[in-house]
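Each reported figure results from applying straightforward, stated rules to the coordinates on display, with no laboratory input. Keep in mind that what you see is a predicted model, and the values were worked out from it rather than measured. Ideal geometry is used to build each Cβ from the backbone, glycine not excepted, and the neighbour counts take in all protein chains shown.
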Amino acid sequence: MDKINSNTKYILEADKARKSGDIKSFYNIIYEGLCSDISNYELYYMLGEDALNEDFRKAVVYFRLSLHFCHDENDKKFIEETISSLINDRYNEVNFSKIKLIIWDMDNTFWKGIISEGNVDFIDDNISLIKRLTDCGVVNSISSKNDEEPVLNKIRDIALDSYFVFNDINWENKGVQIKTKLKDMALRAENTLFIDDDIRNLNDCKYHNPDIMTAEPDIIPALIEYFFKLEATDPEHKRLQRYQTLEIKRNAQKNFSNSLDFLKDSNIKLEIKTDCLNEFSRIIELISRTNQLNYTKLRSTAEEIRNDLDNPIMKSGYIHVTDKYGDYGIVGFYCLDSSSNSLKHFLFSCRVIGMGIENYIYQKLNCPTLNIIDPIAVKLEPCKKISWINETKLAHETSKKSDDTLLKILIKGPCDVSAIESYLIGGDLTTEFNYINDKGFVTAGQNHTYNILQYRNLSQIELQKIYTEVPFVTPGDYETSIFDTKYHVIIMSLLPDCHAGLYRNKKNGRYINFGSKNFNLTDPANFQGYIDGTIVNHAFPFTESILQNFSENWKFIGVTPTDELIRNIDYIVSNVKGSPYFIFLLGSEIEYENEGSEFANQAEIHKEVNAAMQKYADNKPRINLINMTDFIHSQEDYSDSINHFKRHVYYDLASKIVSLINSFNF
């Protein structure tokens with residue numbers, strides 16, 4: 001013992017006997033020393049050193065005893081380093097952090113002895129390890145060449161049977177069975193450790209499952225060392241419970257002749273929720289841990305995810321799934337960039353493989369652009385009919401049924417205005433925001449005052465001529481309920497008129513609006529930007545031919561001239577049903593310092609329009625103005641442009657709207 005200092009006669013005599021090769025005398029001296037002092041940690045250390053040559057597991061046990069009895073801080077540190085070094089050297093190819101499933105052989109692995117030959121003895125450390133693994137979210141399974149009933153009865157004796165799932169206890173080939181087990185559990189071989197004392201079984205398993213981790217029972221001390229240092233992340237054993245549910249489900253599936261009948265019988269229910277910050281930790285876990293159904297493989301940091309959730313342009317949601325067999329919890333997450341109709345994140349837990357959840361959600365989102373990073377376990381099929389999934393609506397959606405006792409409120413504006421919707425509870429809300437149409441690109445024209453007027457004054461035939469001639473305009477650009485329903489309150493953002501490019505038909509004087517005023521669609525210098533998406537194109541697949549044809553027939557105006565905007569608003573106010581209160585949302589007059597070219601010079605336009613609106617609203621008690629400038633106290637209040645704000649700004653805006661509505665005399 002070069003590192004641990006000692007002057008006891010037992011240490012010196014034992015060391016002398018070992019160096020001379022007199023092993024019998026070595027053990028006799030150690031025995032005599034421990035009889036004299038059972039807590040002599042130095043003697044346990046020597047036993048550990050000697051055992052290293054033949055039995056790694058026994059060596060670690062002795063080193064642990066040495067550590068247990070040691071009270072010298074320097075020696076304790078040295079013993080700890082010895083144990084860690086042994087473990088690292090022995091299993092440097094086993095990545096403990098990746099383990100999600102451990103498959104156990106039983107005879108001479110989990111317990112001592114062979115059960116078919118008589119009684120067996122449990123190993124206390126192994127029992128403790130099974131429970132600790134479960135607390136840490138690692139699932140355990142059995143692969144044992146034995147008759148099933150004796151094995152199950154034995155583990156029932158110690159109330160451990162419920163800790164194992166998807167067991168294979170028979171006399172068949174282990175490698176093949178483990179491959180089937182992993183498929184049934186929807187787990188990857190690289191996240192699985194198989195422990196067996198028979199090297200032939202380990203090699204056979206590796207042959208059928210090349211990426212699996214394998215080890216003899218001497219890895220168990222290493223597992224104890226690793227997992228007992230980890231935090232218990234699943235003390236309620238939710239992950240085990242989900243695999244118990246999955247096992248019941250797999251057994252039930254065997255009673256059906258085809259998978260479609262089984263899926264229909266399963267009564268799969270899905271719920272899409274958008275309160276992502278309330279489930280932030282689970283979303284982060286999904287992003288960091290999912291692989292087989294993580295379509296973008298983007299491992300964003302918690303800060304990056306939080307920024308996306310605060311950005312109203314990014315539409316995010318998580319998916320909760322249940323069926324007749326159990327509750328699968330939160331199993332998916334998506335983050336959609338609504339400005340480009342592209343998915344930044346699209347991922348699902350492997351526990352829902354085979355249920356069709358990923359295809360249902362992809363179709364629900366109208367199949368946005370998705371840069372898929374292989375490998376992926378399930379291919380997305382936009383045309384596949386998913387008829388067996390029942391979507392349940394959110395509580396705040398199902399409560400929106402018309403009620404004559406509720407205030408009827410219309411909210412019109414670009415997609416970021418949707419951030420205030422969740423705060424306006426207690427009313428019968430109708431919303432008209434930008435959305436992704438069934439052709440896969442963004443419809444945003446329905447909140448521009450010229451489109452609102454044309455909906456009112458043009459025939460369906462005249463409107464049809466517009467969106468037949470212009471492929472990036474749809475009927476939705478001219479659909480609104482503002483003239484058809486009697487509202488108590490109409491909330492309307494003027495940002496579309498202040499930002500969108502306005503175009504007039506050269507022959508008939510009709511109007512359309514699209515994109516940004518700063519990028520003229522009729523200018524050939526901008527054609528390539530619209531085609532390749534470097535200019536915001538609402539995810540429409542522009543071609544040079546489409547742009548050239550449009551340029552020949554339409555003239556670029558810029559933004560809506562201020563006097564025409566006021567005239568349009570006055571027409572709307574004068575022609576709606578009843579006498580609703582109007583709340584107009586005015587743009588911020590404070591420049592965003594990091595502004596891109598899309599919103600350049602926006603503050604000056606807002607100043608001009610806001611002044612004109614203030615003059616128009618004078619002496620009109622039903623016209624109310626909210627200026628976003630009032631909510632901007634620093635550049636930190638902006639998200640990524642002058643028209644997009646941090647979530648707390650939308651909360652303040654919603655609070656102001658609620659205060660106004662409560663002051664109205666209905």
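How would you classify the range 96-238 from its alpha-carbon gyration tensor, with a ≥ b ≥ c the square roots of the eigenvalues: rounded for a/c under 1.5, else prolate if a/b is greater than b/c, otherwise oblate? Walk me through the numbers on the way to the answer.
On the way: a/c = 1.44, a/b = 1.07, b/c = 1.35.
Cα axes put the range 96-238 in the rounded bin.
How many angstrom separate the Cα center of the range 84-131 from the Cα center of the range 530-556?
64
List the aspartates and glutamates whose alpha-carbon lies under 16 Å from that of Lys112, not counting same-chain residues fewer than 8 positions away?
Reachable aspartates and glutamates: Asp55, Asp121, Asp124, Asp125, Asp157, Asp196, Asp197, Asp198, Glu216, Asp218.
Report the FRET efficiency, 1/(1 + (r/R0)^6), for Gln548 and Glu462, where r is their Cβ-Cβ distance and R0 is 25 Å, rounded to 0.05. Don't skip to the answer; put the middle values down first.
Working: r = 24 Å, r/R0 = 0.97.
It comes out at approximately 0.55.
Work out, step by step, the length gained on full extension between Lys324 and Lys229: first 0.36 nm times the residue separation, then minus their alpha carbon distance; give nm to one decimal. Working shown, then result.
Working: separation 95, 0.36 × 95 = 34.20 nm, distance 3.75 nm.
30.4 nm is the gain from fully extending Lys324 to Lys229.
Skipping prolines and chain starts, which residues have an amide H placed within reach, meaning under 5 Å, of the one on Ile142, given they are 5 or more residues away or on another chain?
Correct list: Trp104, Val165, Asn167, Asp168.
Rounded to the nearest 0.05, what FRET efficiency do Lys58 and Asp89 have when you use their Cβ-Cβ distance and R0 = 22 Å?
Working: r = 16 Å, r/R0 = 0.75.
Plugging the Cβ-Cβ distance into 1/(1 + (r/R0)^6) gives 0.85.
Once fully extended, how much extra length lies between Lys269 and Ala611, figured as 0.36 nm per residue of separation less the alpha-carbon to alpha-carbon distance? The partial results should precede the final answer.
Details: separation 342, 0.36 × 342 = 123.12 nm, distance 5.15 nm.
Stretched out fully, the Lys269 to Ala611 stretch lengthens by 118.0 nm.
Beyond 51 Å, what share of the Cα-Cα pairs of the chain is found? Please give it as a whole percent. Working shown, then result.
Values: 76135 of 221445 pairs.
Here the tail beyond 51 Å accounts for 34 percent of pairs.
Pairs of Cα atoms under 8 Å, at least six residues apart: use those to get the relative contact order of the chain, whole percent.
Numbers: 1057 pairs, mean separation 54.4, N = 666.
Relative contact order, the chain: 8 percent.
Which whole-number percent of Cα pairs in the range 9-90 have a distance greater than 19 Å?
Values: 1181 of 3321 pairs.
Above the 19 Å cut-off, the range 9-90 has 36 percent of its Cα pairs.
Using a ≥ b ≥ c from the Cα gyration tensor of the range 459-558 (square roots of the eigenvalues), is it rounded, prolate or oblate, where a/c under 1.5 gives rounded and otherwise the larger of a/b and b/c decides, a/b for prolate?
Values: a/c = 2.08, a/b = 1.54, b/c = 1.35.
Prolate shape, in that a/c is at least 1.5 and a/b is the bigger ratio.
Quick one: if you stick a label point 7 Å off each Cα along the C-beta vector at Arg299 and Asp211, how many nm between them?
1.5
Read phi for every residue in the range 197-206 and hand back ³J(HN,Hα) as whole Hz from Karplus 6.51 cos²θ - 1.76 cosθ + 1.60, θ = phi - 60°, with x for Gly and Pro.
Each residue of the range 197-206 in turn: 7, 9, 4, 5, 5, 5, 5, 5, 5, 5 Hz.
Work through the residues other than Asp211 whose Cβ is under 14 Å from its Cβ and net out their charges, Lys, Arg +1 and Asp, Glu -1.
Numbers: positive: Lys98, Lys100, Lys179, Lys183, Arg188, Lys206; negative: Glu93, Glu190.
Taking every other residue near Asp211 into account, the sum is +4.
Considering amide H positions built from the backbone, and no H for Pro or chain starts, which residues 5 or more places from Ile557, or on another chain, come under 5 Å of its amide H?
Residues meeting the amide H criterion: Leu502, Tyr503, Arg504.
With +1 on the Cβ of every Lys and Arg and -1 on the Cβ of every Asp and Glu, and nothing else charged, how large is the dipole of the range 258-392 about its Cα centre, in debye rounded to the nearest 20? Spell out each step's value before the answer.
Numbers: 16 positive and 17 negative charges, 53 e Å.
The calculation lands at about 260 debye.
If I model a spin label at Phe122 and Glu73 as a point 7 Å from the Cα along the Cα→Cβ vector, what separation in nanometres do I get?
With each label point 7 Å from Cα toward Cβ, the separation is 4.0 nm.
Report, in whole Å, the centroid distance computed from the Cα atoms of the range 260-328 and the range 365-382.
Centre-to-centre (Cα) distance: 15 Å.
Using the beta-carbon distance between Asn594 and Ile199 and R0 = 60 Å, what value does 1/(1 + (r/R0)^6) give for FRET efficiency, to the nearest 0.05? Don't jump to the answer; show the numbers that get you there.
Details: r = 62 Å, r/R0 = 1.03.
It comes out at approximately 0.45.
Taking a ≥ b ≥ c as the square roots of the eigenvalues of the Cα gyration tensor of the range 258-392, is the shape rounded (a/c under 1.5), prolate (a/b larger than b/c) or oblate?
On the way: a/c = 1.72, a/b = 1.49, b/c = 1.15.
Since a/c reaches 1.5 and a/b is larger than b/c, the shape of the range 258-392 is classed as prolate.
Size of the range 239-282 along its principal axes in angstrom, Cα-based, largest extent first?
If we take the Cα atoms of the range 239-282, the spans are 42, 23, 11 Å.
Which aspartates and glutamates have a Cα less than 12 Å from the Cα of Lys379, not counting those fewer than 8 places away in the same chain?
Straight-line reach from Lys379, under 12 Å: Glu358.
Can you work out D for the range 537-625 in µm² s⁻¹ from Stokes-Einstein, where Rh is the Kirkwood radius over C-alpha pairs, the temperature is 20 °C and the viscosity is 1.002 mPa s?
133
Taking a threshold of 32 Å on the Cα-Cα distance, which of the pairs Lys364/Lys408; Lys269/Lys656; Lys273/Lys577; Lys58/Lys297; Lys297/Lys517; Lys100/Lys249 fall above it?
Numbers: Lys364/Lys408 28 Å; Lys269/Lys656 38 Å; Lys273/Lys577 34 Å; Lys58/Lys297 42 Å; Lys297/Lys517 36 Å; Lys100/Lys249 20 Å.
In this structure, Lys269/Lys656; Lys273/Lys577; Lys58/Lys297; Lys297/Lys517 lie more than 32 Å apart at Cα.
In whole Hz and in residue order, list the ³J(HN,Hα) couplings for the range 442-459 that follow from phi through the Karplus curve 6.51 cos²θ - 1.76 cosθ + 1.60, θ = phi - 60°; x for Gly and Pro.
7, 9, 9, x, 5, 10, 7, 4, 5, 5, 4, 5, 5, 4, 6, 10, 9, 6
Identify the residues of the range 131-147 with backbone N under 20 Å of a label point that sits 7 angstrom from the Cα of Asn291 along the Cα-to-Cβ direction, or state none.
Once the point is set 7 Å along Cα→Cβ of Asn291, 134, 136-141 turn out to lie under 20 Å by backbone N, inside the range 131-147.
On full extension of the chain, what length is gained from Phe556 through Glu636, given 0.36 nm per residue of separation minus the C-alpha to C-alpha distance?
Values: separation 80, 0.36 × 80 = 28.80 nm, distance 3.45 nm.
Result: 25.3 nm gained on full extension.
5 Å is the cut-off here: which amide hydrogens, built 1.01 Å from N in the peptide plane, fall below it relative to His345, excluding neighbours closer than 5 in sequence?
Cys335
Going by Cα centres, the range 595-625 and the range 160-213 are how many Å apart?
The range 595-625 and the range 160-213 have Cα centres spaced 67 Å from each other.
Give, as a single signed number, the net charge of other residues whose beta carbon lies under 15 Å from the beta carbon of Asn291, with Lys and Arg counted +1 and Asp and Glu -1.
Its environment carries a net charge of +2.
State, to one decimal in nm, how far the label point of Leu660 lies from the label point of Thr369, with both points 7 Å from Cα in the Cβ direction.
The two pseudo-label positions are separated by 3.5 nm.
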